[in-house]
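Below is one structure, written out as structure tokens, with a few remarks after it.
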Amino acid sequence: MVLSFYNLVIAVILSFGGKAGEKPVTSSAYHPFYVSVAEIEQNAQEKTLEISCKFFADDFEHTLEKAYKSQLDITSSKDKASFDKVIPDYIGKRLALTIDGKPARLTYIGYEKEGESVYCFFEITNTSSVKKMDISNKLLYDLTQEQINIMHVTINGKRQSTKLNYPSAQASFQF
């Protein structure tokens with residue numbers, strides 16, 4: 001709710017301050033930052049890595065529409081099957097993990113929309129131990145050069161984080 005109010009205030013200010021002839025920016029098309037958050041957490045009991053990727057819903061929807069050249073509405077149940085097809089393809093091409101020198105395969109679990117955010121869920125199986133994790137993260141880099149990707153990785157209860165600003169896409173974690 002706070003973010004919606006903030007977007008509205010920014011939109012009102014911008015609608016009065018543009019150059020002559022410019023179209024005013026609306027709250028649904030503008031927010032002051034472009035960020036995604038990827039959480040990667042080890043589930044030692046299940047021997048899996050649980051991955052969630054969080055995006056602003058409008059940014060994610062716009063990026064998928066652009067990438068797959070189709071109109072999509074993340075709030076519509078009729079588009080759920082389309083999203084379940086394009087999300088693992090899109091993320092699979094832009095988020096890659098290497099665990100102890102071996103490429104890992106992301107298994108898509110699903111997605112959910114919550115407020116102005118979309119969460120996409122994946123897992124990696126058969127990961128009983130992790131000493132080193134290399135990540136390539138180019139999520140939403142095809143939307144804007146202002147994109148920031150934050151990653152939090154938790155292995156054996158030890159959490160490490162990093163931030164990637166476009167065009168940087170590589171991160172490495174040692175445990």
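Assorted remarks:
- Of all residues making up the stretch 84-112, the number that are more than 17 Å from Asn149 (Cα to Cα), out of contact with any strand residue (DSSP E or B) (no Cβ under 8 Å at 6 or more places or on another chain) and surrounded by 13 or more Cβ atoms within 10 Å (Cβ to Cβ): 2
- Scanning the stretch 115-142 for residues that are surrounded by 13 or more Cβ atoms within 10 Å (Cβ to Cβ), among the β-branched types (Val, Ile, Thr) and in contact with a Leu (Cβ under 9 Å, 6 or more places away or on another chain) returns Ile124, Thr127, Val130, Ile135.
- Residue within the stretch 12-19 that is at pLDDT below 95 and part of a loop (DSSP other than H, G, I, E, B) present: yes
- Summed over the stretch 60-114, the residues that are within 21 Å of Ile135 (Cα to Cα) and of a type in the set (D, E, K, R) give a count of 6.
- Checking every residue in the stretch 93-106 against the condition of being farther than 28 Å from Ile74 by Cα, among the β-branched types (Val, Ile, Thr), outside any helix (DSSP H, G or I) and in contact (Cβ under 8 Å) with a residue 24 or more places away in the chain gives at least one match.
- Enumeration of residues in the stretch 83-129 that are under 20 Å from Phe60 (Cα atoms) and either of a type in the set (Phe, Trp, Tyr) or over 18 Å from the mean Cα position of the chain (by Cα) (or both): Phe83, Tyr90, Tyr108, Tyr111, Tyr119, Phe121, Phe122
The values are calculated or read from the model by the stated rules, or taken from the named source; none is laboratory data. Computed from a predicted structure; not experimentally measured. So basically every Cβ, Gly included, is an ideal-geometry build from the backbone, and we count neighbours across all protein chains shown.
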